[in-house]
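Only one structure is covered here, and it is reproduced in the block below.
The values are calculated or read from the model by the stated rules, or taken from the named source; none is laboratory data. Just so it is clear, the model here is predicted, and its values are computed rather than measured. Here the Cβ positions follow ideal geometry from the backbone for every residue, glycine too, while neighbour counts run over all protein chains shown.
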Amino acid sequence: MTENIRSFPGTPLSEQDFEEGKILFNYDELNGKFSWDTGIAIGSYLAGLKNGVILGSRCSTCRKTVVPPRTVCEWCFRPMQEYVPLHDTGTVNTFSLCYVTWDMKRLTDPQIPAVIEIDGASPLHGIMHLLKEVDPQKVHIGMRVKAVWKSAEERTGAITDIQYFKPVKEV
Amino acid sequence: MTMRKVAVIGAGMTKFVRRAQETPKELSWLATRMALESCELTLDDIEAVCMGTAPDSFDGIHMKGEYLSDGAGAWRKPYMRSYVGGGTGVFVPIQGWYHVASGMFDVVLVVAEEKMSNFYPHAQAAFLTIFDHTTERPLGPNLLWIFALEMNRYMTTYGISKEDIARVSVQHKRNAANHPCALLGDPDITVEDVLNSEVLAYPVQRYDVSPVSDGAVAIVLAAEHVAKRLTDKPVWVEGVGWNLDTAHWTNRDLVYPRYVEYAARMAYDMAGIKEPKKEIHIAEPYDPFDYKALHHLEGLQLAERGQAPQLYIDGTAARDGNMPVCPSGGLLGVGNPIAAAGLMKIAELFWQLRGEAGDRQVPGQPRRGIAQAWGDLMQVGTVVIMGR
């Protein structure tokens, strides 16, 4: 049918149409405010962060240690009741050098988000966080990193209690 | 389980554009009318309507399914909107398929619409709330992060170069130059153009990404006895599959989309396909980013792990190759109005298998094609196999 029909419907607009006032539009801002309960598992995770510890949870049936902790094992659907403290070191599983913000503003120095496999959790189990104190060109997958914490007084029980991860010397 | 055979008998779509003058309802109506006219039906012949559209936040309208219902011809009919993130466009025809296969309805209309330009200033921000509010959002993420992280993991694990990945973008955008609805078709684009485009979130550059778009697509599904009366060239839905992986996306290896494999195996089993590489003649994998097409070809068992770039290097994936990939131009070339983009792939297979794809026609009278979409927090795979 596309061979028979050359003109498909739809009217594209350009920036110019708006500048010249050819198009009427209605602008509004929608503001939603939320207060999220942290729940059982993430509540424990945040309490751990406040104390300077990354907590995981362990399934005794699947013998998996996951992070962040959760109340149910996704594999066997049994409760995960055992919380285990993990190390605050890990390995970069993957990373990006990001030169734009969420609203498409440009950055000169990139943000470096990474998935970090946390030591003590099962293989390939990590969290997303940021890397700093590192030359962007030298970041690599497999790099060893360590959490840089806020001071005990400043910690509030949030993921940002870990300010970022930085490289540790590879031996 | 006895299921009835289901055919696609008509399809229609709007142009995919950066910003459409039409409202979401109007776009839906334009595509729907074209789909009905293509098989010479009227709304009276339609027994139920399935609507696919992605997050309400694009439009700032809650319960978007209900809002779109008049444009989709849904009034006083059984109607439901389905939504599985970016996977919606290939899930909604599956929803339509089980409406008909089950024996509940004989003729069903399937509509997918997206108007991303409503979101101001850029639709990317509408995706921010897919990240976990407590453990991820305080870090200030943006949507590009997850693609960049996945792409880097994929490239580094298999030692795939940026150049090999850029070939995907080039081929899809060149293919799209023959699509009358395409937003970013470009017959002259080169690998250098992609590699020299602005770095957004390394390894993702501007031309690695599909554009924000507005558009709508509609298809008509019919049971066998109706389809055979209405057309000499029904295109059968031979297999469907869908599958979801964990939302704890940092707890699994991003290098391989296992959920796409499971969805594909479900569809291959239903279609009786034993050797996908030989039995699939056209592939329309989901390609919002160029590396995603490669990732998905591997998940669909159409390439060995880490070997998908070879299909583009040796010409297998070209429009006149042994297994053309995205002859439509894909999301990279035609555009990416989320749900509509997935259904565009179904419409493309419909036109290709009927030999009606015009300038985009794949030679050699292809008999069978596969379309796939992907979405949510990198966790859902939806697959449809069509044949004639």
>> If a residue must be farther than 19 Å from B:Glu163 by Cα and among the aliphatic types (A, V, I, L, M), how many such residues does the range B:296-342 contain?
In response: 9
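Residues that are at the interface with chain B (Cβ under 9 Å from one of its Cβ atoms), among the acidic types (Asp, Glu) and touching a residue at least 12 places away in the same chain (Cβ under 8 Å): find the strands (runs of 3 or more DSSP E) completely inside the range A:66-171 holding 1 or more of those.
Here the list reads A:113-118.
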> In the set A:Ile23, A:Ile54, A:Ile42, which member is among the hydrophobic types (A, V, I, L, M, F, W, C) and in contact (Cβ under 8 Å) with a residue 40 or more places away in the chain?
Replying inline: A:Ile54
> Taking the range B:250-293 as the region of interest, how many residues are crowded, with 21+ Cβ neighbours inside 10 Å and within 14 Å of chain A (Cβ to nearest Cβ)?
Replying inline: 6
> When residues of the range A:1-24 are filtered for being out of contact with any helix residue (DSSP H, G or I) (no Cβ under 6 Å at 6 or more places or on another chain), modelled with pLDDT under 90 and of a type in the set (A, V, I, L, M, F, W, C), how many remain?
Replying inline: 2
> Before we move on, is B:Asp208 in contact with an Asp or Glu (Cβ under 9 Å, 6 or more places away or on another chain), in contact (Cβ under 8 Å) with a residue 40 or more places away in the chain and acidic (Asp, Glu)?
Replying inline: yes
> What do you reckon, is A:Gly48 within 11 Å of chain B (Cβ to nearest Cβ), under 36 Å from the mean Cα position of the chain (by Cα), among the small types (Gly, Ala, Ser) and farther than 30 Å from B:Gly358 by Cβ?
Replying inline: no
> Does B:Val170 qualify as being among the aliphatic types (A, V, I, L, M) and more than 19 Å from B:Tyr286 (Cβ to Cβ)?
Replying inline: no
>> Contact list please: Cβ distance under 6 Å, first residue in the range B:62-86 and more than 23 Å from B:Lys345 (Cβ to Cβ), second residue in a loop (DSSP other than H, G, I, E, B) and modelled with pLDDT under 95, pairs at least six apart or on different chains.
In response: B:Tyr67/B:Ile61
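Look through A:Asp103, A:Asp135 and report the one residue that is exposed (fewer than 12 other Cβ atoms within 10 Å of the Cβ) and modelled with pLDDT of 95 or more.
Checking each option against the conditions leaves just A:Asp135.
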>> Any residue that is under 22 Å from the mean Cα position of the chain (by Cα), modelled with pLDDT of 95 or more and either surrounded by fewer than 18 Cβ atoms within 10 Å (Cβ to Cβ) or of a type in the set (Asp, Glu) (or both) - is there at least one of those in the range B:123-143?
In response: no
>> Take the residues in the range B:53-86 that are among the hydrophobic types (A, V, I, L, M, F, W, C) and part of a helix (DSSP H, G or I); name whichever of them is surrounded by the most Cβ atoms within 10 Å (Cβ to Cβ).
In response: B:Leu68
